[in-house]
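Peer 1: This structure is in structure tokens; I'll ask about it shortly.
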Amino acid sequence: PARRHRASVPRVVPRSVRTYPLPLQERPLNLDDYQSEAKKLARYPIIDKEIPIYPALGLCGEAGEFANMAKKRKKGKDIPIKELGKELADIVMYCDLAAASLGISLEEYVIKKFNEVSKRHPKSHRRL
């Protein structure tokens, strides 16, 4: 059968298959550093700056992949922890891209949320 020609659609390549320039690998990253580097690598059309649709859809897809792997692991399939970790990294990447699309610091919001929860449960959390 004849192959259908697919239109060229920009896609985001998961961070797990990308390589970074040496200077980035030599220093520890915080989420703000990661966000500024990740924005440079994102490849998708921006439809509406107020609604980060591509990062939102990517986040849902990666969360579904993680959940599916966790389910299979629970059923006894040999899914390496390393593979689950890669999916979690992809989830963080899409959260970061969504935050960048909205013009906010993911690191700032993670710390605020962590401290907010820590106040409600002081014996089980520490403050950042």
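The values are calculated or read from the model by the stated rules, or taken from the named source; none is laboratory data. What you see is a predicted model; the values in this text were computed from it and never measured. Cβ sites come from the backbone with ideal geometry, for glycine too, and all protein chains shown count toward neighbours.
Peer 1: Just wondering, is there one or more residues in the stretch 71-78 that are out of contact with any Phe, Trp or Tyr (no Cβ under 7 Å at 6 or more places or on another chain), at pLDDT 85 or above and not basic (Lys, Arg)?
Peer 2: Yes, there is a match, as at least one residue in the stretch 71-78 is out of contact with any Phe, Trp or Tyr (no Cβ under 7 Å at 6 or more places or on another chain), at pLDDT 85 or above and not basic (Lys, Arg).
Peer 1: While we're here: Working only within the stretch 64-111, note down all residues that are farther than 23 Å from Gln35 by Cα and of a type in the set (A, V, I, L, M).
Peer 2: Ala67, Met69, Ala70, Ile79, Ile81
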